[in-house]
Amino acid sequence: MTASRITHKIRLTEKEYLAEGTMGFHFEKPAGFQFKAGQYVDVSLINPTDVDSSGSIRSFSIASSPEDQDLLFATRMRDSAFKRVLKASPFGTEVEMEGPMGSFTLHNKAAKPAVFLAGGIGITPFLSMVRHATQAGLPHDLFLFYSNRRPEDAAFMANLEALEKENSKFCFVPSMTEMEKSKQAWTGETGFIDKEMLGRYLPELQGPIYYTAGPPAMVAAMRQMLNTAGVDDDDVRTEEFAGY
């Protein structure tokens, strides 16, 4: 029997620009609301002033950790009625939130490292997991490979760099694929995440649990790359971010 999902009304408390074309929205966390790092919720606008064929409900991974005082959702700002209304909403605006949902969460067995492969806005569940692991003092070894076109497009870079300094068990590897279109300097990894890049940082490719989140094409490419590298399908967990 499926448990009924719980709906909460939550209030908007803060908005922030996270990267070019990406915004973060902070909401009050309801009393007693609990979730596992990596889970998502459905957010519904209440009596929106603008509606289009995409509707007024969106799924968001929670970017904040269970220990944080508020709920943070991040999104690419496509030109949809939902995004326009959310961006224009004054502080204190209420939305409906249903959840939490999903099983894209950190495995329990700390002897197995976790390797996170993120593309673009697919970073959100991993930020939650790394924040939670750091705040809760989890013993897992964590490796995060984060692919973006340019530094200008990469959300949460400063947060992740700070977490790497704070958590000795966390290794952060950002990579840029289109630096020729960037106006910023970059000395880190370039190119798409591949077996060779993983091999430069991981003690071994077989053994960890791999998690990949991002656009469907990126998720499919990561699964194929891992299969080619001899990683067991049972050790690969995926979450697609489509139509955001």
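Worth a mention:
- The one condition from (1) outside any strand (DSSP E or B); (2) more than 18 Å from V130 (Cβ to Cβ); (3) not small (G, A, S) that D68 does not meet is (2).
- Filter result (part of a loop (DSSP other than H, G, I, E, B) and under 21 Å from I121 (Cβ atoms)) within segment 48-60: D52, S54, G55, S56
- Boolean, F91 is surrounded by 16 or more Cβ atoms within 10 Å (Cβ to Cβ) and among the hydrophobic types (A, V, I, L, M, F, W, C): no
- Contacts under 7 angstrom Cβ, first residue in segment 97-118 being free of Cβ contacts under 8 Å to residues at least 40 places away in the same chain, partner among the aliphatic types (A, V, I, L, M), 6 or more apart: A110/L138
- For the residues A63, A74, the requirement of being modelled with pLDDT of 95 or more, within 14 Å of the chain's Cα centre (by Cα) and not in a loop (DSSP other than H, G, I, E, B) singles out A74.
- Of all the numbered requirements in (1) within 21 Å of L163 (Cα to Cα); (2) touching a Gly at 6+ places or on another chain (Cβ under 9 Å); (3) not in a helix (DSSP H, G or I), I121 misses one, and that requirement is (3).
- Of L72, L86, L45, L18, all but one fail to be hydrophobic (A, V, I, L, M, F, W, C) and farther than 20 Å from G120 by Cβ; the exception is L45.
- Condition check for A63: under 29 Å from A133 (Cα atoms) and in contact with a His (Cβ under 7 Å, 6 or more places away or on another chain): no
- For the criterion of being exposed (fewer than 15 other Cβ atoms within 10 Å of the Cβ) and among the hydroxyl-bearing types (S, T, Y), S168 passes.
- Residue in segment 144-164 that is over 24 Å from T75 (Cβ atoms), surrounded by 16 or more Cβ atoms within 10 Å (Cβ to Cβ) and touching a residue at least 12 places away in the same chain (Cβ under 8 Å) present: no
The values are calculated or read from the model by the stated rules, or taken from the named source; none is laboratory data. The shown structure was predicted, so the numbers you read here are calculated from the model rather than taken from an experiment. A quick note on method: Cβ atoms are made from the backbone with ideal geometry, for glycine too, and the neighbour counts reach across all protein chains shown.
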